[in-house]
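What follows is a short report on a single structure.
The values are calculated or read from the model by the stated rules, or taken from the named source; none is laboratory data. Everything numeric here is computed off the predicted structure, so don't read it as measured data. Positions of Cβ are backbone-derived with ideal geometry, glycine not excepted, and every protein chain shown enters the neighbour counts.
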Amino acid sequence: MRTNMGVFDRIFRAIAAVILGYLYWAGIVTGTWGIVLLVIGVIFLVTAALGSCPLYTMLGIRTCAHK
């Protein structure tokens, strides 16, 4: 997989994933919405760690510097 996410995008996704996880485990968001947000948080965390977003690839978006 080719990197298509910049540093700011990766940091933003990681922070968003932590916030979504906290909202679920603190019981602030529960039920179906809680699970949906938790799954989105996991996706954000994985894409931030890998530096590649499949949706960005399909749409032709790159937030990282071109090499």
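Look through T47, T63 and report the one residue that is modelled with pLDDT of 95 or more and of a type outside the set (A, V, I, L, M, F, W, C).
Working: T63 fails: modelled with pLDDT of 95 or more.
Among T47, T63, only T47 is modelled with pLDDT of 95 or more and of a type outside the set (A, V, I, L, M, F, W, C).
For the range 21-36, does any single residue satisfy the condition of being at pLDDT 95 or above, under 11 Å from the mean Cα position of the chain (by Cα) and buried (at least 16 other Cβ atoms within 10 Å of the Cβ)?
Within the range 21-36, none of the residues are at pLDDT 95 or above, under 11 Å from the mean Cα position of the chain (by Cα) and buried (at least 16 other Cβ atoms within 10 Å of the Cβ).
Quickly run through the range 37-52 and pick out the residues that are surrounded by 13 or more Cβ atoms within 10 Å (Cβ to Cβ) and closer than 20 Å to C64 by Cα.
If the condition is that a residue be surrounded by 13 or more Cβ atoms within 10 Å (Cβ to Cβ) and closer than 20 Å to C64 by Cα, then I43, F44, L45, V46, T47, A48, L50, G51, S52 are the ones that fit.
How about the range 19-67: which of its residues are among the β-branched types (V, I, T) and touching a Phe, Trp or Tyr at 6+ places or on another chain (Cβ under 9 Å)?
I28, T30, I35, T47, T63, listed by residue number.
What are the residue pairs meeting all of these: first residue in the range 44-67, first residue more than 15 Å from A17 (Cα to Cα), second residue surrounded by fewer than 12 Cβ atoms within 10 Å (Cβ to Cβ) and aromatic (F, W, Y), Cβ atoms under 9 Å, and 6 or more apart or on different chains?
Every condition considered, the pairs that remain are T63/F8.
Any residue that is in contact with an Asp or Glu (Cβ under 9 Å, 6 or more places away or on another chain) and among the hydrophobic types (A, V, I, L, M, F, W, C) - is there at least one of those in the range 12-25? Don't jump to the end; show me each part of the working.
As a first pass, look at the range 12-25 and keep what is in contact with an Asp or Glu (Cβ under 9 Å, 6 or more places away or on another chain): none.
For the range 12-25, residues in contact with an Asp or Glu (Cβ under 9 Å, 6 or more places away or on another chain) and among the hydrophobic types (A, V, I, L, M, F, W, C): absent.
Out of all the residues in the range 20-42, which are aliphatic (A, V, I, L, M) and assigned to a helix (DSSP H, G or I)?
Scanning the range 20-42 gives L20, L23, I35, V36, L37, L38, V39, I40, V42.
Quick one: how many residues across the range 23-67 are of a type in the set (F, W, Y) and either closer than 14 Å to D9 by Cβ or in contact with a helix residue (DSSP H, G or I) (Cβ under 6 Å, 6 or more places away or on another chain) (or both)? Walk me through it before giving the result.
The first filter runs over the range 23-67 and keeps only residues of a type in the set (F, W, Y), leaving 24-25, 33, 44, 56.
Then keep just the ones that are either closer than 14 Å to D9 by Cβ or in contact with a helix residue (DSSP H, G or I) (Cβ under 6 Å, 6 or more places away or on another chain) (or both); that gives 24, 44, 56.
Of the residues in the range 23-67, 3 are of a type in the set (F, W, Y) and either closer than 14 Å to D9 by Cβ or in contact with a helix residue (DSSP H, G or I) (Cβ under 6 Å, 6 or more places away or on another chain) (or both).
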